[in-house]
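Remarks on the structure that follows.
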Amino acid sequence: MKTILTGIKPTGEIHIGNYLGAMKPAIKACLAADGTSYLFIADYHSLTATHDSKVFEEIVYEVAAAWMACGLDTSKTVLYRQSDIPEIFELAWILSCFTPKGFMNRSHAYKAKVAENEENGKKDLDHGVNMGLFMYPVLMTADILAFDADEVPVGEDQLQHLEFCRDIAQKFNHNYGEVLKVPKAVKKDETKSIIGIDGRKMSKSYGNSIPLFAPEKRLRKLIMKIKTDSLPPEAPKNSEDSLALEYFKEFATEIEIEKMLSRYKEGVSWGDVKQNLFEVMNREIAPQRAIYDSLISDRAKIDAILVDGAQKARERSKAVIQRVRQAIGKS
Ligand code: TRP
């Protein structure tokens, strides 16, 4: 039986792109897993960039409530908050003592920041880089190794971090024997890059996203804003190049899609298409929105689930840190 583990770094406002591209497939994978699956909210990773205490607190609850509302089964998947697991941070320090600094110099995220500084003509190429950001891959390594994870499903952008993780584990094991389990990265199929309502990649920073739990009225308004061509209602529409149709396909049934495709051929008004899109989208999201709304106003309930998750998670991480302490000669 395999242990699957993955982390979610909280960011503000979860949108449809996050839902379709990351949450839905991950929840499905968790439900299908035969071994133990661990899913955690990587809140201390967000601390590298989020220094507003209110925002920091808020985003953790938003992420937790959203995943629960979308059907994560917390009786099957251990859901916890990273900061509730002290073993991770002890392990992170220990592992940093086995991590060549050069690894971190080569980290994509750090290099991107340096390149940005260079481009902006900054004298100090490390401008705006705190040690948390620089050491991020070590903390991520500890997140994984503290749980003896076999498989870590990640997106393309995280594969380098997984390589560091494996290398660091091997360096440690080379010195002390087979203490740490060397995990395998499982690349998530991310063919699904969700497009924003203006036709660019969906991103909160572009202001083109559809928040997952926008109230019905706002959802409808945003759907009406989706970019289309300016053909008249009776003109046949191109089904190869229609953003509204792309969204529709994500939420509609096969039969509904067939029907919509033939309406495209005959000619259909964009208003009609969008109304239909709103209906299928809201059909799926409305029940989840209701759960989300009730959870987000009941933080005690979220806390209880996360505390319970942390307790279960620590059964595993305590055993690992025990092994590690023993290995390094701290008895
Ligand atoms: N770095 C990951 C991201 O930005 C989140 C993350 C933190 C993670 N720790 C992890 C993912 C451990 C997998 C395993 O998406």
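The values are calculated or read from the model by the stated rules, or taken from the named source; none is laboratory data. What you are looking at is a predicted structure, and each value in this text was computed from that prediction instead of being measured. Glycine gets a Cβ as well: all are built from the backbone with ideal geometry, and neighbour counts include every protein chain shown. Remember, those area values only see protein heavy atoms, side chains included, never the ligands or the DNA or RNA. Shrake-Rupley method; radii C 1.70, N 1.55, O 1.52, S 1.80 Å.
Observations
- Only beta bridges with both residues in the chain are counted; by DSSP, about 10 percent of them are antiparallel.
- Under 24 Å, Cα to Cα: Lys pairs in segment 1-141, sequence gap 8 or more or different chains: 20
- Pairs of Cα atoms nearer than 8 Å and 6+ residues apart set the relative contact order; for the chain it is 23 percent.
- Simple spin-label estimate for Asp303 and Ile291 in nanometres, 7 Å along Cα-Cβ: 2.3 nm
- Across segment 289-295, computed HN-Hα scalar couplings (Karplus, 6.51 cos²θ - 1.76 cosθ + 1.60, θ = phi - 60°) run 4, 5, 5, 4, 4, 6, 5 Hz from first to last residue, x flagging Gly and Pro.
- Computed [θ] at 222 nm, deg cm²/dmol, the chain (DSSP H ≥ 4; -39,500 (n - 2.57); rounded to nearest 500): -17500 deg cm²/dmol
- Rounded to the nearest 20, the Cβ-based charge dipole of segment 165-291 about its Cα centre (Lys and Arg +1, Asp and Glu -1) stands at 660 debye.
- Among the trypsin sites (Lys or Arg not before Pro) within segment 62-133, those in coil by DSSP and having at most 16 neighbouring Cβ atoms inside 10 Å are Lys76, Arg106, Lys122, Lys123.
- Taking Lys and Arg as +1 and Asp and Glu as -1, the other residues whose beta-carbon sits under 15 Å from that of Ile328 total +1.
- Under 17 Å from Lys201, Cα to Cα: lysines that are on another chain or at least 8 residues apart: Lys192, Lys225, Lys227
- Leading residue at positive end of dipole, the chain (Cβ point charges), from Gln326, Phe213, Phe278: Gln326
- Legend: residues Leu145, Leu47, sorted from most to least accessible area (1.4 Å probe; ligands, DNA and RNA excluded), read Leu47, Leu145.
- Solvent-accessible surface of the chain, taken per residue with a 1.4 Å probe and all protein chains present: 51 Å².
- The chain, accessible surface, carbon-and-sulfur percent (1.4 angstrom probe): 52 percent
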